[in-house]
Structures are given as structure tokens and as C-alpha cells.
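The values are calculated or read from the model by the stated rules, or taken from the named source; none is laboratory data. What you see is a predicted model, and the numbers here were worked out from it, not measured in a lab. Every residue, glycine as well, gets a Cβ built from its backbone with ideal geometry; the counts of neighbours run over all protein chains shown.
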Amino acid sequence: MFRIDGGSGVPVYRQLVEQVRREVMLGRMDPGDQLPTLKEVVEALAINPNTVAKAYGELEHEGLVVRRQGVGTFIASAPPARSLAAPPALLNSLLRWVRRAKDAGMSAEQIRGLVAVALEEDLADEAAPRRTGGVA
Amino acid sequence: MTAVMRTDGLGHRYRGGVCGLRDCTLEVPPGRVVALVGPNGSGKTTLLNMAAGLLPPSTGTVEVDGMPPGERLDRIGYVAQDAPLWPRLRVADVLEIGRCLNPRFDTDLATGRIHQLGIQTGARINTLSGGERAQVALTLVLAKQPELMLLDEPLSNLDPLARRDFLTSMFAACSDTGASVLFSSHVVAELERICDYLIVLRAGRVRLAGDIDELRRIHRIVTGPTGWLASGGRAVINERSGGGRTIALVRSDPSNLTGPGLEEATPTFDELVLGYLEDDEPIAEEALA
């Protein structure tokens with residue numbers, strides 16, 4: 001089931017989408033597994049049904065889930081490649097890196113910050129060619 | 001998609017010349033849960049009262065399903081602030097009145113909900129807790145099976161569990177019947193998980209209205225050295241300075257590129273709402289008169 005972090009600033013529908021993606025990526029949900037029904041999510045979390053419908057719609061659009069009318073929503077039998085379970089080697093090397101950071105005296109918060117900076121720099125490099133000109 | 005409610009140039013001036021609402025033009029799309037946000041005295045209750053047909057417009061028009069609200073009362077469910085019900089009546093009497101006054105009243109739904117909530121039908125209204133009274137008022141509205149629910153500060157006196165029960169009931173009704181909800185509140189923090197459409201009122205005027213995700217998409221929080229705004233040419237909604245930095249909420253335009261030294265981010269729901277609640281646009285004295 002889902003959890004909502006009200007203080008995160010991340011839109012609720014996006015939190016739902018990311019939690020399903022993460023479950024699949026970590027291999028906790030497999031193709032054919034059923035997601036909770038819209039009604040179950042609304043009752044459990046007291047959130048707007050339109051928000052849940054939007055999240056499921058987005059997951060369906062990207063091919064991660066399929067909706068069967070009157071039956072429910074299921075993890076697709078062939079999810080898109082970028083949603084597949086992460087190779088265990090990647091997680092293991094990240095775990096080793098996290099341990100090194102901890103040994104160097106870094107807090108969990110600092111480690112998260114470092115990962116965010118690394119991600120941002122990588123994305124900025126990718127986007128660099130389009131970033132020309134000043135303030136319009 | 002036809003709007004379930006539409007206002008055009010709607011305004012109301014109270015006796016003594018106090019302006020409750022002015023020049024309000026907006027649409028409530030069907031099937032949405034709409035947050036009506038604004039400080040005290042910004043016109044939320046005035047708008048709800050006019051939408052419920054309780055208050056006549058001084059200017060402009062309001063329509064529910066294409067007709068004046070007075071001719072659509074069977075499709076409108078209204079829970080006024082603090083869920084007022086006759087205090088000396090018993091719950092069963094209140095439900096009976098609901099049945100007699102509303103042609104489409106679903107008595108089974110009403111009694112079923114009251115039992116499910118563990119409220120005694122023989123109890124007098126003035127012996128119920130605030131949460132129970134709110135639930136009885138909501139039950140009346142749900143059993144009426146309206147297309148438009150108008151709820152004025154419905155959560156204001158409820159404890160966290162009662163809020164959750166109230167919201168779950170409201171959402172179940174929305175997904176079962178496709179009803180739209182116009183929901184006023186001045187507590188911003190909890191609205192993001194409740195609503196998908198936002199209307200911000202300030203000093204009797206509509207400052208912002210639209211789908212929440214779309215509104216976040218077309219706004220930016222821009223941080224830069226103090227004074228960067230002068231070089232902007234952007235539509236600045238609100239800005240604050242401190243420690244040599246200026247943070248501004250701006251309406252973004254795809255042609256606006258990031259300038260040197262500026263950082264941009266998508267506003268959170270709270271940043272968007274608070275930015276508009278305390279926007280920098282001066283309010284003319286005339287508007288307050």
C-alpha cells in the first residue's frame with residue numbers, strides 16, 4: 001500500500017507513481033501483480049480519487065501497468081525496459097559507496113544531498129547545449 | 001466538458017456598501033474537487049452562499065447546470081460553516097426532514113451511513129460531538145445525491161480521525177456519483193491531498209483558478225541575487241528578499257530562459273497558494289470601499 005508525505009512538496013499523484021515504479025524496480029512487485037483498487041487507496045489514505053486515477057493513468061500511459069475494465073490494475077507482463085528491476089550489481093556498488101561515505105563521517109542527510117548534486121550535475125551536462133541566451 | 005457551475009462578473013455588495021465579492025468569473029468543471037482558498041473576509045462564504053441560491057447577486061450571474069441556483073436546488077448540497085442543524089431535533093427527525101424536502105433523497109443510504117458511523121438515531125443534535133454533527137450534515141447532503149456539493153470550512157472543528165472519516169465519505173460519493181465539490185478552507189497544508197482544482201480569492205476577487213498540476217507547471221520559483229527582478233520582464237506574483245537573495249514566484253513562459261545566477265524550481269502547492277495569498281499587486285482603496 002502507498003504512503004503519502006504531505007510535507008515533501010512532491011505532488012501526491014507523483015508520489016504514488018514513484019512508489020509503484022520503485023516497487024517494480026526493486027523486484028517487490030512482479031508482472032501480473034494487482035495494484036490496490038482506486039476505492040481501497042481512497043479509503044486507506046483519504047485522498048482525492050481523481051489523484052489516484054491520474055497516477056494510475058500515468059503508469060498505464062508509460063506501459064508499466066495495464067487496466068482491465070471491471071477487474072483492476074495490474075503490473076504489465078512486459079514493462080518498459082527503463083522500469084525493469086535494477087541490476088543487483090548496481091545496488092551493491094551503491095551500497096559500498098554509501099558505506100564509504102558513512103566511514104568518512106557523512107550523515108544520511110549529507111549523503112542524500114551528494115546524490116542529489118551528482119544527479120543534477122549529470123542532468124545539467126545533458127541539458128547544457130540547450131541552455132544558451134540570457135533572461136528573455 | 002460542460003461546467004457544473006459558472007459565474008460571470010458575479011458580485012455581491014452587502015448592506016452598508018461592504019463588497020463581499022466583485023467581478024468573479026470562473027467555472028467549476030464536472031467531477032472535480034475544488035479548493036476555495038482565501039484569508040478571512042476574502043469572499044469564500046459569499047461565493048458559496050450565492051452558488052447555493054441563498055444570496056442574490058448584486059452584479060453578474062451564477063449558474064448551476066446552466067440555470068440560476070434557485071431553480072437547481074435539488075442538485076445542490078450545501079453544508080454551511082459549523083454544519084448548522086436544529087439543535088433540539090433527534091438525528092432520525094433530521095433525516096426525515098431531509099426525506100420530505102428532497103425528491104431524490106436516498107433514505108437507505110442515509111440511515112446506513114448513520115449506523116455505520118455509530119451515531120444513535122435517537123440522539124439529539126446538541127448532544128453530538130462536532131465531528132458527528134458534521135457527519136450528519138454530510139449524510140443529508142450525500143443522501144440528496146447532488147451534482148454539486150458546496151462545503152464551507154467542513155473540516156475546521158474536526159479532530160484528525162473525524163476529518164479522515166469525513167473526507168473518505170466525501171470522496172466515496174465523488175467517485176460513486178461523479179459529483180463535484182467546492183470546498184472552502186483557510187488551512188492550506190492539507191488541501192493538496194484533498195483537491196485537484198484551485199480557486200484563490202483575495203479581497204473579494206479571484207486571483208487564480210485552474211487545475212492544480214497545470215498551475216504548478218506554469219509557475220516557477222526563481223531564486224537569485226537581490227535585484228535580479230529588475231532585469232526580468234516576467235510576471236512576478238510575489239517576491240521576498242533576505243541575505244542578499246531574492247526568491248520570487250513567477251508565472252513562467254516557455255520563452256523565458258534561465259538567466260545567469262538564477263535557480264528555478266517548480267513551486268510546491270503551498271508556495272503557489274501562499275504566493276497568491278500575499279501577492280504584491282496593490283489593492284486599490286476603491287476595491288475595499
Which numbered condition residue A:32 misses (of (1) within 14 Å of chain B (Cβ to nearest Cβ); (2) at pLDDT 90 or above; (3) outside any helix (DSSP H, G or I)):
(1)
Of (1) more than 16 Å from residue B:146 (Cβ to Cβ); (2) surrounded by fewer than 16 Cβ atoms within 10 Å (Cβ to Cβ); (3) in contact (Cβ under 8 Å) with a residue 40 or more places away in the chain, residue B:104 fails just (1)
Checking residue A:100 against (1) assigned to a helix (DSSP H, G or I); (2) in contact with a helix residue (DSSP H, G or I) (Cβ under 7 Å, 6 or more places away or on another chain), the condition it does not meet
(2)
Need a quick list: strands (runs of 3 or more DSSP E) entirely within the stretch B:1-73 having at least 1 residues that are within 14 Å of chain A (Cβ to nearest Cβ).
B:19-28, B:33-37
Tally up the residues in the stretch B:185-222 that are of a type outside the set (A, V, I, L, M) and part of a strand (DSSP E or B), please.
9
Can you name the number of the only condition in (1) within 23 Å of residue A:54 (Cα to Cα); (2) more than 14 Å from every other protein chain (Cβ to nearest Cβ) that residue B:201 fails?
(1)
Residue pairs, Cβ under 8 Å, 6 or more apart or interchain, first in the stretch B:247-263 and at the interface with chain A (Cβ under 8 Å from one of its Cβ atoms), second in a loop (DSSP other than H, G, I, E, B) and modelled with pLDDT of 60 or more. List them.
B:253/B:234; B:256/B:234
Go over the candidates A:4, A:47 one by one and state the one that is modelled with pLDDT of 90 or more, touching a Lys or Arg at 6+ places or on another chain (Cβ under 8 Å) and assigned to a loop (DSSP other than H, G, I, E, B).
A:47
Does residue A:70 qualify as being touching a residue at least 40 places away in the same chain (Cβ under 8 Å) and either more than 14 Å from chain B (Cβ to nearest Cβ) or in contact with a His (Cβ under 6 Å, 6 or more places away or on another chain) (or both)?
no
Given the options A:108, A:46, A:78, name the one that is closer than 28 Å to residue B:270 by Cβ, of a type outside the set (Ser, Thr, Tyr), loosely packed, with under 13 Cβ neighbours inside 10 Å and more than 13 Å from the chain's Cα centre (by Cα).
A:108
Restricted to the stretch A:88-106 and to residues being modelled with pLDDT of 90 or more and not hydrophobic (A, V, I, L, M, F, W, C), the residue nearest to residue A:26 (Cα to Cα) is A:96
When residue A:24 is run through (1) more than 14 Å from chain B (Cβ to nearest Cβ); (2) more than 13 Å from the chain's Cα centre (by Cα); (3) more than 15 Å from residue A:72 (Cα to Cα), the failure sits at (2)
What tally of residues in the stretch B:126-174 results from selecting those that are part of a loop (DSSP other than H, G, I, E, B), over 23 Å from residue B:73 (Cα atoms) and away from chain A (no Cβ under 14 Å)?
4
Among the residues of the stretch A:11-20, is any away from chain B (no Cβ under 14 Å) and touching a residue at least 12 places away in the same chain (Cβ under 8 Å)?
yes
Counting only residues in the stretch B:175-198 that are under 20 Å from residue B:82 (Cβ atoms) and at pLDDT 85 or above, the one nearest to the other protein chains (Cβ to nearest Cβ) is identified as B:194
